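Trainee: Quick one: the structure is below, and I'll ask about it shortly.
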Amino acid sequence: MRARAGGFGVAVVALGCGAASLLGQSGLRSRVEGGGDARVQFRYAARADVCGMGNSISIGRSTYLSTGNVNVLEGVERQCRRGPVVVRVTRAGGQVVGIDAEIAPELVPEGVTDLGAVAAGAAAEYLLDLAARADGRPGREAILPAVLADSATVWPGLLALSRNGALSRSVRQGAMSWLGRELDRMNGEDARKASAALIAIAGDTEETLPIRQQAVSVLARSERADLSALTRMANGTDSWLRQAAIQALANSGDPRARDYLRTALQEPTLPEALRTSVIRGLGRDYATARDLELLRSRYAGLASTTSKQVVLSVVGEQGGNASLQWLLGIAGDANEAPELRAQAVESAQRAGATTAQLGKLYDQAPDRRTKESTISALLKNGDRAAVDILLRIARTETDPSVRRSLINRMGRMEDERVKALLKDLIER
């Protein structure tokens, strides 16, 4: 059989005018799955924000999806065709073993039977039902084309898949992820119901932890989910759920989540394991100058060395002159614990400490650990001035352990001055 034109123009007009489906809803499953081993395809109207090129599909302006193995890339725009969704179903051994989706392909592949156009709602219903029956990879592959269907209400089906404990974890997690995306398109009572269902899954102690974690993550990502539910979880008695909720809030840029984290940091009864999650959340992707100032101001009052080390680390990652000067102060404070001084040196280097500043820290270092951390920082800076300081240390350091470690590390350097020093030491 030769590839032939699909005649999609007529199909799109018919679907757009609300014409009756060429295949009745009740007959779609039997038409697709009723024969022997084969490949069949059908088409239906796509959502207005969907376009595609080959098996790459874009939804809106900021999400790019590739069928089969889904990747999400924010801010990607591609030229692509508008048109109907075409779904190809492969049967083998009496079962559905593969599902492919494209947008408005020009040809029907050889060996594929074209069943024609169907109502979008009927297609979405069939595909979600197939996801529950096929499970595994075919089940996962059926979800995306269902979501692409024009004017179809898919969230109840996605919720049913999410709740179905008989399905594989990957199908349930995929359905829940798409439910979160649908939630952002919903309003009113439907959005409340979907959000409440995710909250219930997250709080179900009989459910597996990966599914509960997925529910928490979806709630945190969704713009229309009940974010206050996450703060209630974070303040609850379920220790696992508290940790999951705080981590989710820590990864959220929502101003309400940021306010919760700022308050939680100052809560004296917060367990230290949770406090470190709060600190990381305040100091990572969505950190503001206000957050960094809060972390610096609360550092001295933190009870555990671990929490203090996390503060030093995240402040160093964000940098800025105020943070750098603060880190240098911690690194040079003889009253600080050696492990904290060492962490402060490492963080100061990441924050942009100059070689001269690091050299001064070395000269003031009161212990071996701080010296070794400063040497590591100088090696990372790696400029000519840093090499000069390292050469001086190698010649003058009186601690044999520090000196021996430095010489070993310098042996990997290509600088001619270093080679000359090493040769001189060997000849001695």
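Trainee: I'd like the full set of residues that are within 25 Å of the chain's Cα centre (by Cα), within 16 Å of Asp184 (Cβ to Cβ) and either free of Cβ contacts under 8 Å to residues at least 24 places away in the same chain or part of a loop (DSSP other than H, G, I, E, B) (or both), limited to the stretch 45-61.
Mentor: Let us first name the residues in the stretch 45-61 that are within 25 Å of the chain's Cα centre (by Cα), namely 49-52, 55-61.
With within 16 Å of Asp184 (Cβ to Cβ) added as a condition, the list becomes 49-50, 59-61.
Across the stretch 45-61, the qualifying residues are Asp49, Gly60, Arg61.
Trainee: Right, something else. Pull up the stretch 183-211, narrow it to residues that are surrounded by fewer than 21 Cβ atoms within 10 Å (Cβ to Cβ) and touching a Phe, Trp or Tyr at 6+ places or on another chain (Cβ under 8 Å), then point me to the one that is nearest to Gln247 (Cα to Cα).
Mentor: Among them, the one singled out is Leu209.
Trainee: Ser405 - would you say it is touching an Asp or Glu at 6+ places or on another chain (Cβ under 8 Å) and within 28 Å of Leu292 (Cβ to Cβ)?
Mentor: Numbers: touching an Asp or Glu at 6+ places or on another chain (Cβ under 8 Å): yes; within 28 Å of Leu292 (Cβ to Cβ): no.
No, not satisfied.
Trainee: In addition: Within the stretch 380-428, can you find the residues that are farther than 21 Å from Thr355 by Cα and of a type in the set (Val, Ile, Thr)?
Mentor: Within the stretch 380-428, Thr398, Ile426 meet the criteria.
Trainee: Which residues, taken from the stretch 150-183, are not in a helix (DSSP H, G or I) and not aliphatic (A, V, I, L, M)? If you could, list the steps in order and put the result at the bottom.
Mentor: Step one: filter the stretch 150-183 for residues not in a helix (DSSP H, G or I), giving 150-154, 164-168.
Once the filter is applied, which keeps residues that are not in a helix (DSSP H, G or I) and not aliphatic (A, V, I, L, M), the stretch 150-183 yields Asp150, Ser151, Thr153, Asn164, Gly165, Ser168.
Trainee: Where in the stretch 215-305 are the helices (runs of 4 or more DSSP H), entirely inside, with at least 1 residues that are of a type in the set (Gly, Ala, Ser), more than 21 Å from the chain's Cα centre (by Cα) and surrounded by fewer than 17 Cβ atoms within 10 Å (Cβ to Cβ)? Reasoning before the result, please.
Mentor: Working: elements: 227-234, 239-250, 255-265, 272-283, 289-298.
The helices (runs of 4 or more DSSP H) meeting that bar are 227-234, 239-250, 272-283, 289-298.
Trainee: State which residue is farthest from Ser373 (Cα to Cα) when the search covers only the stretch 400-418 and only residues that are exposed (fewer than 13 other Cβ atoms within 10 Å of the Cβ) and of a type in the set (Asp, Glu).
Mentor: Glu416
Trainee: Answer yes or no as to whether Val70 is modelled with pLDDT under 50, surrounded by 14 or more Cβ atoms within 10 Å (Cβ to Cβ) and in a loop (DSSP other than H, G, I, E, B). Outline the logic, then answer.
Mentor: Working: modelled with pLDDT under 50: yes; surrounded by 14 or more Cβ atoms within 10 Å (Cβ to Cβ): yes; in a loop (DSSP other than H, G, I, E, B): yes.
Taking the combined requirement at face value, the residue satisfies it.
Trainee: Which of the numbered conditions does Ala353 fail, given that it passes all the others? Conditions: (1) in a helix (DSSP H, G or I); (2) under 42 Å from the mean Cα position of the chain (by Cα).
Mentor: Against the list (1) in a helix (DSSP H, G or I); (2) under 42 Å from the mean Cα position of the chain (by Cα), Ala353 comes up short only on (1).
Trainee: If you check Arg185, Arg140, Arg181, Arg133, which single one turns out to be basic (Lys, Arg), more than 29 Å from Arg224 (Cα to Cα) and modelled with pLDDT under 95?
Mentor: Working: Arg185 fails: more than 29 Å from Arg224 (Cα to Cα); Arg140 fails: more than 29 Å from Arg224 (Cα to Cα); Arg181 fails: more than 29 Å from Arg224 (Cα to Cα).
Result of the check over Arg185, Arg140, Arg181, Arg133: Arg133.
Trainee: Follow-up question, since we're still on this one. Would you mention how many residues in the stretch 191-214 are in a helix (DSSP H, G or I) and either touching a residue at least 40 places away in the same chain (Cβ under 8 Å) or among the basic types (Lys, Arg) (or both)? Outline the logic, then answer.
Mentor: So the first thing to find is which residues in the stretch 191-214 are in a helix (DSSP H, G or I), and the list is 191-203, 209-214.
After this cut, where a residue has to be either touching a residue at least 40 places away in the same chain (Cβ under 8 Å) or among the basic types (Lys, Arg) (or both) as well, the list is 192-193, 202, 210-212, 214.
Final tally of qualifying residues: 7.
Trainee: Does the stretch 94-131 hold any residues that are in a helix (DSSP H, G or I) and either surrounded by fewer than 18 Cβ atoms within 10 Å (Cβ to Cβ) or over 35 Å from the mean Cα position of the chain (by Cα) (or both), and which are they? Explain how you work it out, then say what you get.
Mentor: First, the residues of the stretch 94-131 that are in a helix (DSSP H, G or I): 120-131.
Within the stretch 94-131, Asp129 is the sole residue that qualifies.
Trainee: Moving on to the next point. Taking the criterion of being aliphatic (A, V, I, L, M), within 19 Å of the chain's Cα centre (by Cα) and surrounded by 14 or more Cβ atoms within 10 Å (Cβ to Cβ), would at least one residue in the stretch 312-320 satisfy it?
Mentor: Narrowing the stretch 312-320 to residues aliphatic (A, V, I, L, M): 312, 314-315.
Still in the list and also within 19 Å of the chain's Cα centre (by Cα): 314.
Subset that is surrounded by 14 or more Cβ atoms within 10 Å (Cβ to Cβ): 314.
Yes, the stretch 312-320 contains at least one residue that is aliphatic (A, V, I, L, M), within 19 Å of the chain's Cα centre (by Cα) and surrounded by 14 or more Cβ atoms within 10 Å (Cβ to Cβ).
Trainee: Separate question: List the number of the failed condition for Asp424; all other conditions in (1) of a type in the set (D, E, K, R); (2) surrounded by 14 or more Cβ atoms within 10 Å (Cβ to Cβ); (3) assigned to a helix (DSSP H, G or I) hold.
Mentor: Single failed check for Asp424: (2).
Trainee: Can you pull out the residues in the stretch 358-394 that are surrounded by fewer than 19 Cβ atoms within 10 Å (Cβ to Cβ) and within 13 Å of Leu327 (Cα to Cα)?
Mentor: Selection gives nothing.
The values are calculated or read from the model by the stated rules, or taken from the named source; none is laboratory data. This is a predicted model, so every value here is computed, not measured. Here the Cβ is made from the backbone with ideal geometry for all residues, glycine too, and neighbour counts use every protein chain on show.
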